[in-house]
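Dropping a structure here in C-alpha cells format, bear with me for questions.
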Amino acid sequence: MDTGYLLSVEPQELQFPFELRKQISCSLLLLNKSDNYVAFKVKTTNPKNYCVRPNAAVVSPRSTCDIIGLFSPPFSNYPVVFR
C-alpha cells in the first residue's frame, strides 16, 4: 500500500485468524522510500486485546522496519508479553 511519498506498507490488511485462548501474531513491513528519516507511531483502538511492537520508531532513509501485531482474545489465559 502506498501511503504517499514517504512510506510503503505491506500487507495492506492484517488478518488475525481467531483461536480460542490463543495469542495470534502477524507482521507488517514499513519501507521508507525517502532520503530522510521518518518517524511513526501505531495506536490501537483496543489496547486490552491488541499490542504492537515497536509501537513507535524512526525508520532510516531507504530502509525497512518490521512491526509485529499481537492479538490476545478476550478471556485468554496468556498475558501480552514482549521481550
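Bear in mind these aren't lab numbers, they're just calculated from the coordinates by the rules spelled out. Fair warning: this is a prediction, and the values are worked out from it, not measured in the lab. No Cβ is skipped: glycine too gets one built from the backbone with ideal geometry, and neighbour counts run over all protein chains shown.
Pull up the cross-link candidates among the lysines for Lys33, meaning alpha carbon to alpha carbon under 21 Å and not fewer than 8 places away within one chain.
Lys41
Per residue Cα convex hull volume for segment 9-77, in cubic angstrom? Provide the component values of the computation, followed by the final result.
Details: hull volume 5.3 nm³, N = 69.
Per residue, the Cα convex hull of segment 9-77 comes to 77 Å³.
So, one more: How far is it, in nm, from the label point at Thr45 to the one at Ser27 when both lie 7 Å from their Cα along the line to the Cβ?
According to this spin-label approximation, the distance is 2.7 nm.
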